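The values are calculated or read from the model by the stated rules, or taken from the named source; none is laboratory data. All values derive from a computational prediction rather than experimental measurement. Backbone-built Cβ (ideal geometry, glycine too); neighbour counts: all protein chains shown.
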Amino acid sequence: VRRGLAALALATALGAPLTAQDTTGDQLARARALYEQLRIEQALPLLREIVAPQWPHEVSTAQRVEAYKYLGAALALARMADSAVVYFRAALERDPFVDLDPVRFTPDQRQALARARRETFAVGAQPVRSGPVDPLTDRVRFTFVTTHAAAVRAEVRTAGGSSGVVVYRSDADGVNEVAWDGLWTDGRLAPPGRYELHIDATSRLRQRRDSAHAFFDLRHDVPSLEDTLPDLAPADLLPERATGSVAAGEIVKGIGVAGGALMISGLLANGALDETRDRAVVVAGAAAVTGLVAYLVRRRHPEIPANVAANTRRREERRAVNEAIRARNAQRIARTVLIVTPAAGIGP
Amino acid sequence: VTPGRFAAVALVALCAGRGAAAQALTATAFVSSAEHRVDAGFGVERSSGLFGGGRLSVTLPPRVVLGLAATSGTLDRDSTNAEERRVAEVAFDARYRTLPWLWLDAGVATRTYSASIATQRWTSLRLGVEARIPFLGGRVEGLGRLLFLPVVAVTGLDQPDLALTAGAGLAYQVGPVSAELSYVLERYDFPTRDGLTRAEQLSTLTVSAGARLFGGSAR
């Protein structure tokens with residue numbers, strides 16, 4: 001028996017919050033059922049209990065709005081229009097999207113709600129619809145509502161930011177849809193991050209202002225990009241100026257050609273024919289002078305035009321390759337899809 | 001068909017067979033100071049003179065150059081035992097670049113020495129290499145050339161035991177115009193016959209000037 005009592009106590013303790021939530025929902029369901037059966041006198045106390053401060057159970061905003069809405073509807077049926085308007089206003093202040101289905105509610109009830117709308121000023125924004133958006137063919141769509149005619153300015157901002165992209169600036173009355181192309185102030189796709197749809201509205205009927213927010217996260221679904229090639233390092237380039245050893249090498253070459261001419265006339269010639277070396281000396285002298293001149297030119301003009309041209313060509317080829325990569329990347333980025341998900345709060 | 005005619009026909013066929021846009025045609029004129037020495041066992045006969053001629057070459061990018069050259073001149077007696085002769089030669093050569101500075105060279109040449117008493121024809125096949133060492137980034141090149149002549153047919157003489165051509169020089173290039181100064185030695189050592197050994201040598205100092213008539217680089 002003790003074990004049974006302990007288990008019952010534990011089950012009661014664990015189940016208490018659920019019971020409390022269910023209690024509000026159950027009571028609201030019972031009230032709606034009574035309302036549907038036109039047992040208004042029995043429905044009203046149940047609904048009033050839910051919105052009363054003494055109600056011991058947790059009440060969500062949606063449940064409270066539902067309770068106020070059915071209170072307004074019930075009182076309108078009871079021909080208590082002023083009271084109905086009061087409850088409808090209470091519902092609208094908490095949820096400006098409150099509406100009455102013309103199939104299920106009478107014209108008097110809807111008339112009372114319309115009056116409540118005129119007497120109350122509120123603006124609301126629905127949570128952003130989740131899903132992919134191709135900026136080339138689609139738009140990010142937001143839905144907002146004003147309870148009556150108002151001047152509205154809607155702006156997409158970074159979360160916590162003070163300015164952004166204006167997506168709507170006009171008069172509005174009732175439910176409206178706004179489309180955003182996903183472009184940021186610089187004309188490019190908005191970078192990934194948390195954003196806020198910020199709506200400011202000024203009533204055209206009353207000296208009232210109201211604002212609403214809807215936060216959402218934006219991500220980019222981008223095909224993988226290619227990396228551009230790094231700039232050419234000095235090791236990748238030819239020397240553009242001749243060093244002292246290169247200049248000295250010109251003399252060595254001249255001496256080499258001169259020696260070659262003399263060697264041909266000396267070593268390769270048939271000694272028995274007593275070859276004269278006059279012709280070889282002419283070439284040897286010209287080669288030696290050419291080597292000396294080349295040395296002096298190198299010292300005075302150390303630039304190596306062929307290497308400069310080759311390096312320029314290499315840089316140009318590298319630049320062209322990177323331009324092609326950037327072009328391909330740009331094409332891929334142009335195919336970026338925005339992934340939109342609703343969010344709460346400000347921080348990511 | 002003589003080797004010279006064959007070479008001319010081959011050069012013309014190659015020029016006609018390939019797109020002109022890919023080729024470079026270069027014409028060169030040259031003049032040579034030549035000295036000829038020969039010892040047939042009776043002392044060295046010396047003669048010298050001036051040769052002149054021209055050469056047409058076709059560059060087939062990126063590595064091949066074909067050339068056809070014609071030379072003529074006279075050799076005057078420098079020694080009493082020598083004879084005056086007229087010299088004429090037609091040569092065809094093909095060069096293939098294996099490295100930026102090294103070419104393989106192959107060619108055929110036919111040369112005639114015409115004297116009052118007889119005409120002697122020399123026909124030879126030449127194989128060898130030519131190195132072109134650039135100065136000043138290529139505006140000037142130092143030349144070194146060594147060719148062996150494995151086949152030499154000479155009227156009335158045996159095939160030489162040793163036949164070679166060696167040369168050294170400088171080539172200057174300014175745009176489409178080129179100039180060259182070179183020293184070339186031809187050496188022929190013939191086998192001993194009837195106790196006599198024949199050695200023959202021709203050395204030339206040549207100045208040439210060329211111009212690229214159309215196409216790309218003349219080299």
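Could you please find all residues in region B:108-137 being in contact (Cβ under 8 Å) with a residue 60 or more places away in the chain and crowded, with 18+ Cβ neighbours inside 10 Å? Let's see the steps before the verdict.
Kept after step one, since they are in contact (Cβ under 8 Å) with a residue 60 or more places away in the chain, are these residues of region B:108-137: B:108-110, B:123, B:132.
Across region B:108-137, the qualifying residues are B:Val108, B:Ala109, B:Thr110, B:Arg132.
Could you give me the residue pairs with C-beta distances under 9 Å whose first residue belongs to region A:126-155 and is without any contact (Cβ under 8 Å) to a residue 40 or more places away in the chain, whose second residue is part of a loop (DSSP other than H, G, I, E, B) and among the β-branched types (Val, Ile, Thr) wherever it lies, and which are 6+ apart or on separate chains?
A:Arg141/A:Val128; A:Thr143/A:Val128
Give B:Ala91, B:Ala168, B:Ala179, B:Ala109 a once-over and let me know the one that is in contact with a helix residue (DSSP H, G or I) (Cβ under 9 Å, 6 or more places away or on another chain) and within 30 Å of A:Val252 (Cβ to Cβ). Steps first, please.
Numbers: B:Ala91 fails: within 30 Å of A:Val252 (Cβ to Cβ); B:Ala179 fails: in contact with a helix residue (DSSP H, G or I) (Cβ under 9 Å, 6 or more places away or on another chain); B:Ala109 fails: within 30 Å of A:Val252 (Cβ to Cβ).
Every option except B:Ala168 fails the conditions.
Out of A:Ala324, A:Ala287, A:Ala310, which single residue is free of Cβ contacts under 8 Å to residues at least 40 places away in the same chain, part of a helix (DSSP H, G or I) and farther than 30 Å from B:Tyr183 by Cβ?
Numbers: A:Ala287 fails: farther than 30 Å from B:Tyr183 by Cβ; A:Ala310 fails: free of Cβ contacts under 8 Å to residues at least 40 places away in the same chain.
Only one candidate qualifies: A:Ala324.
Only residues that are of a type outside the set (A, V, I, L, M, F, W, C), part of a strand (DSSP E or B) and either more than 12 Å from the chain's Cα centre (by Cα) or crowded, with 16+ Cβ neighbours inside 10 Å (or both): list them for region A:178-211, please. Show your work before the answer.
Applying the first criterion (of a type outside the set (A, V, I, L, M, F, W, C)) to region A:178-211 yields A:181-182, A:185-188, A:191-196, A:198, A:200, A:202-204, A:206-211.
Applying the additional criterion that residues be part of a strand (DSSP E or B) yields A:193-196, A:198, A:200, A:202-203, A:209-211.
Residues satisfying the conditions are A:Arg194, A:Tyr195, A:Glu196, A:His198, A:Asp200, A:Thr202, A:Ser203, A:Arg209, A:Asp210, A:Ser211.
For the condition closer than 20 Å to B:Leu50 by Cα and either more than 9 Å from chain A (Cβ to nearest Cβ) or of a type in the set (Asp, Glu) (or both), what is the one hit in B:Gly210, B:Gly156, B:Gly215? Steps first, answer last, please.
Working: B:Gly156 fails: closer than 20 Å to B:Leu50 by Cα; B:Gly215 fails: closer than 20 Å to B:Leu50 by Cα.
So the residue among B:Gly210, B:Gly156, B:Gly215 that is closer than 20 Å to B:Leu50 by Cα and either more than 9 Å from chain A (Cβ to nearest Cβ) or of a type in the set (Asp, Glu) (or both) is B:Gly210.
Tell me yes or no: at least one residue of region A:243-252 is surrounded by 22 or more Cβ atoms within 10 Å (Cβ to Cβ), more than 7 Å from chain B (Cβ to nearest Cβ) and closer than 30 Å to A:Asn307 by Cβ.
no
Checking the conditions here, which among B:Thr192, B:Thr204 is touching a residue at least 24 places away in the same chain (Cβ under 8 Å) and either more than 24 Å from B:Glu35 (Cβ to Cβ) or among the polar types (S, T, N, Q) (or both)? I'd like the intermediate steps shown before the answer.
Details: B:Thr192 fails: touching a residue at least 24 places away in the same chain (Cβ under 8 Å).
Result: B:Thr204 is the single residue among B:Thr192, B:Thr204 that is touching a residue at least 24 places away in the same chain (Cβ under 8 Å) and either more than 24 Å from B:Glu35 (Cβ to Cβ) or among the polar types (S, T, N, Q) (or both).
In region A:321-339, is there at least one residue being over 30 Å from B:Glu45 (Cα atoms) and either within 14 Å of chain B (Cβ to nearest Cβ) or touching a helix residue (DSSP H, G or I) at 6+ places or on another chain (Cβ under 9 Å) (or both)? Don't jump to the end; show me each part of the working.
Taking region A:321-339 and keeping what is over 30 Å from B:Glu45 (Cα atoms), we get A:321-339.
Those left that are additionally either within 14 Å of chain B (Cβ to nearest Cβ) or touching a helix residue (DSSP H, G or I) at 6+ places or on another chain (Cβ under 9 Å) (or both): none.
Checked region A:321-339: no residue is over 30 Å from B:Glu45 (Cα atoms) and either within 14 Å of chain B (Cβ to nearest Cβ) or touching a helix residue (DSSP H, G or I) at 6+ places or on another chain (Cβ under 9 Å) (or both).
Being among the aromatic types (Phe, Trp, Tyr), touching a helix residue (DSSP H, G or I) at 6+ places or on another chain (Cβ under 8 Å) and within 14 Å of chain A (Cβ to nearest Cβ) narrows it down to one residue among B:Phe148, B:Phe135; which is it?
Working: B:Phe148 fails: touching a helix residue (DSSP H, G or I) at 6+ places or on another chain (Cβ under 8 Å).
After ruling out the rest, the residue left standing is B:Phe135.
Mind checking which residues of region A:255-276 are assigned to a helix (DSSP H, G or I) and either more than 18 Å from A:Ala288 (Cα to Cα) or more than 9 Å from chain B (Cβ to nearest Cβ) (or both)? Write out each step before concluding.
At the first step, the residues of region A:255-276 found to be assigned to a helix (DSSP H, G or I) are A:255-268, A:271-273.
Listed by number, the residues that qualify are A:Ile255, A:Gly266, A:Leu267, A:Leu268, A:Gly271, A:Ala272, A:Leu273.
Quick one: A:Leu47 ticks every box in (1) crowded, with 18+ Cβ neighbours inside 10 Å; (2) not in a helix (DSSP H, G or I) bar one, so which box is it?
Exception for A:Leu47: condition (2).
Report, by residue number, each residue of region A:302-320 that is surrounded by fewer than 13 Cβ atoms within 10 Å (Cβ to Cβ) and within 14 Å of chain B (Cβ to nearest Cβ). Give the derivation first.
Filtering region A:302-320 down to residues surrounded by fewer than 13 Cβ atoms within 10 Å (Cβ to Cβ) leaves A:303, A:312-313, A:316-317, A:320.
If the condition is that a residue be surrounded by fewer than 13 Cβ atoms within 10 Å (Cβ to Cβ) and within 14 Å of chain B (Cβ to nearest Cβ), then A:Glu303 is the only one that fits.
So, of the residues in region B:48-100 that are of a type in the set (S, T, N, Q) and within 15 Å of the chain's Cα centre (by Cα), which turns out to be surrounded by the fewest Cβ atoms within 10 Å (Cβ to Cβ)?
The initial filter retains those residues of region B:48-100 that are of a type in the set (S, T, N, Q), namely B:48, B:57, B:59, B:71-72, B:74, B:79-81, B:98.
Right, trim to within 15 Å of the chain's Cα centre (by Cα) and you get B:57, B:71-72.
Working: B:Ser57: 21, B:Thr71: 21, B:Ser72: 13.
Result: B:Ser72.
Go through region A:223-249 and give me each residue that's touching a Lys or Arg at 6+ places or on another chain (Cβ under 8 Å), at pLDDT below 85 and part of a loop (DSSP other than H, G, I, E, B).
Result: A:Pro223, A:Ala242.
Inspect region A:143-165 for any residue being exposed (fewer than 15 other Cβ atoms within 10 Å of the Cβ), in a strand (DSSP E or B) and modelled with pLDDT under 95 and give the result as yes or no.
no
Does region A:79-89 contain any residue that is more than 28 Å from A:Ala201 (Cβ to Cβ) and not in a loop (DSSP other than H, G, I, E, B)?
First pass over region A:79-89, keeping only residues more than 28 Å from A:Ala201 (Cβ to Cβ): A:79-80.
From what is left, the residues that are not in a loop (DSSP other than H, G, I, E, B) are none.
No: zero hits.
For A:Ala288, work out the one condition from (1) crowded, with 16+ Cβ neighbours inside 10 Å; (2) closer than 30 Å to B:Leu147 by Cα; (3) facing chain B (nearest Cβ under 9 Å) it doesn't fulfil.
Unmet condition: (3).
Within region B:162-207, which residues are more than 10 Å from every other protein chain (Cβ to nearest Cβ) and under 22 Å from B:Trp101 (Cα atoms)?
B:Ala171, B:Gln173, B:Val174, B:Gly175, B:Pro176, B:Val177, B:Ser178, B:Ala179, B:Glu180
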